[in-house]
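The values are calculated or read from the model by the stated rules, or taken from the named source; none is laboratory data. Only a predicted model underlies this, so the values are computations on that prediction, with no experimental measurement involved. For neighbour counting, all protein chains shown are included, and Cβ atoms are generated from backbone atoms with ideal geometry for every residue, glycine included. What goes into the accessible areas is simple: the full protein's heavy atoms, side chains included, and nothing from ligands, DNA or RNA. Shrake-Rupley method; radii C 1.70, N 1.55, O 1.52, S 1.80 Å.
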Amino acid sequence: METIRTAAAGRRLALVLFAATALTFILLALIAIGVAGDSAHLVVGVAACAAAGVLEVPRFRLGALRHRGLVISLPIVVAMAVTSVFSGPAAVGLVCLGVLVSVWLRAGHPQTALYAAGLTGVGGVAFLAVQAALLAVDAAEPLVAAAGAIGYVAMVVVAEALRHRIGRPSTPDTRSAYSLVRVLATGGGFAVVCALLAMWTHPFLDQRTDLLRSIATLLPLVVVGVGAMLLLRAQAMRRRLAGVVDGVTMLNTTTPYTKTGGPTSPSSIGPADTGADLAAALVHAVTAAVGVESVELRQEPAGRGEISAPVAIGALGGRYIVAGRDMMDTPFTSDDRRALTALAHSADVVFTARESIGGLTIRANTDPLTGLPNYGAFQEALANINDHRDYSEALAVLFIDLDDFKRMNDRYGHQAGDEILSELGRRLSAVVRPYDVVARVGGDEFVVILTRLSSLVEAKALAERVLEASGEPLAVAGTVINPILSIGLAYSAHRETDVNQLLRDADRSMLAIKKSRRRGGPAHESSINISGHRSSQMNDIVARAIDEDLLELAFQPIVSLVTGQIWAFEALLRYTDPELGPLSPPSLVEKAKSLGRLDALTRQVALKAMAAAADFRLVEPSIVCMTVNVEAGQLLPQRMGTFVTELAARYPEISLCLELNERSVARVSTAVRAEADHLRDIGIMIALDDYGSQDSSVDALVRVPMDILKIDKSLVDDLEDVRQQHVLTALQGFGDNLEYSMIVEGVENEEMARRLTALGIRSAQGFHYGVPQSLEKTLARLDEFGAAAVLPVRAASELSL
């Protein structure tokens, strides 16, 4: 508190001293005009005041941050123009008077105007003192003018820096208020201008009198000042308009409701924070659009040096949005006030609409009777929990039905029926754990998702607890009833590919209890029936194959149509389960993705593929490349990028090529593109696979950095069609111009190969050159036939067996 009082006293003292300085100079100027007693001196004085007022408007920022550091104006240059008519102090007084009137008119605050005029006067003292010292030693006029300018800038900067330090005692370092480079640049530039002005000779006026010389010098100064004002106003208007547009856009992107849920918690929908994010967006928008030193939401309107606009929504944190600038910064204008008002009104409108949308969203996902999530929200929560749980994390679904509810509803009335359902909802919500989910999915049907389970025993124990709490006697309509519940339990030990099957199994288990009752089973006690559901057999098979490194590879040759030799192989995924037999590669990949094991699968394939390539190269040195299929998102360093970089470095004699299927590059991010460029820079090739399939688009050719374009077989299934020929020729031309190679897939026979060669295609892949074969058979082929692209018919058939 003592520091604050000291700072306030320091500011008052500085204002008094500066005001006294300004008024002293102004008084000297008025005396000089009065003593002269002629209209010519009056005209020059008025012109000087006007020029000073105009030149005070452009402010030069000396700090790195707008509206948060020192600024300086340079009206003192006007004093140089009238020193031939008035004395130095009187000339400075005219400048102070012009600044006083200009700031008073624009800011509307006499104290700010007095301080600005006083600051100009203090700088004028240094200006006159330096000039007097140099004139005493007969220095050249340009040097005197330049030195005076530097003295003025130095004095103003020192005075403003002291004011910032005294006025902001809580700020530990005021150096951020100005930049030494900016100060030197401003002082140096001003010195040059003053030196040139000292040598000014107007070519069109007879300057035999000092009055004409002063007028001739003031005119261009006024023109320059007005031009600077117009330029600054245009820039401010563009910045303000862009800021308002961006601010309104930002306000409208705030979310009307929040969705919670993820890897560790269930999904739910609730109202968003009613003001925090919108208030932050409003503050940011005002800062960008208006340009302020400070902005806040508070209960009081604007004070000195501030502007404000009312905010109707109390939840934003205040009744007014208040923007402030330093007293010596550019004063707020009417345009600033209109921009602030527009943004405040936009915030009110967005908040009102947001509350309405948020309420509608919550109502759409909430059961109105019990306040629990409804069926749609439950389905979303179940899918979210299943998708984000660890593979080994279990969950269970309880499907709960209240028996004989229709009879109770008819007997005790609909109001009593509603009370029963509401109480059952409250009991279920109270008995489950915080991270479980309770929902009402039908008239008398509820579901519970039990999460973070480790065993079926744990799930059954929780279900029994739910049964016990929900089956307690219930007083309704003047009587006590004992709710009879049927609960079906479906347990899932691993992540599901079709999580709705879990719900169906729980439903069937619940219905089995009801059927049992109709067939003579226990009719007056609640029951739990556990479904035989387990995670699909495929989940366990694929997970075991990846975890135990059981995946196999087949290799298909890629050949040069120019040399008739194999130069690369594509590694293709294979796996044969002892019980189910061969599994299709697409199903393997999709299952691996759903289990969160795609990266692990791809690492195994890449390791085995590069090791095989090294073996191939020992037999046939012309094999220089191995291609591996990946998705675009896997290129990121945290997924596969770092791994493939290290893998390629282990096999420097073999080029590793990563084939991206076109579906995965449909929405490729900037980070993925950057990583693709990085991988190419270190020698790893990127190929775009299956181009020409149903999902292909032309922009894929330029969207993804690549070295190879692989043409899908659907584009070469009828090479007699001239349209296919033209497409292939055009794509080959694209490749030549964009510096990537092209490989045509699906070449089935010699005729296709011949036509492709005639079209200028240089590389191909397909059954004509060999079906995908195991490592052992591929090595046998290379050992017997070398890199020959086409094998004798008999040899090809023997190797394919």
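For the reader, a short list of remarks on this structure follows.
- Fully extended contour minus Cα-Cα distance, from Asp387 to Ser774, at 0.36 nm per residue: 135.8 nm
- Label-to-label distance for Arg426 and Ile31 is 8.9 nm, based on points extended 7 Å past Cα in the beta-carbon direction.
- Listed peptides 424-433, 702-711, 122-131, 681-690 appear in the order 122-131, 702-711, 681-690, 424-433 once ranked by packing, highest mean of other Cβ atoms within 10 Å at the front.
- Pair Asp677, Leu17: separation of 7 Å Cα→Cβ label points (nm): 5.6
- Förster radius 35 Å - calculated FRET efficiency between Arg508 and Asp718, Cβ distance, rounded to 0.05: 0.10
- For His345 and Arg298, the FRET efficiency from 1/(1 + (r/R0)^6), where r spans their Cβ atoms and R0 equals 25 Å, is about 0.90.
- Under-5 Å amide H pairs with Ala302, H placed in peptide plane, nonlocal only: Ser308
- For segment 629-746, with all protein chains in place and a probe radius of 1.4 Å, 49% of the accessible heavy-atom surface sits on carbon or sulfur.
- Contour minus Cα-Cα distance for Lys515 and Lys593 (0.36 nm per residue): 24.1 nm
- R0 of 51 Å, Cβ-Cβ distance His284-Ala154: FRET efficiency to nearest 0.05: 0.90
- Counting 0.36 nm for each residue step from Arg574 to Ala198 and taking away their Cα separation leaves a gain of 126.5 nm.
- Share of carbon and sulfur in the accessible heavy-atom surface of segment 359-458 [1.4 Å probe, %]: 51
- Normalised per residue, the accessible area of segment 16-95 is 37 Å², obtained with a 1.4 Å probe and no contribution from ligands, DNA or RNA.
- In this rough spin-label picture, where each label sits 7 Å from Cα along the Cβ direction, the Ser87-Asp418 distance is 9.4 nm.
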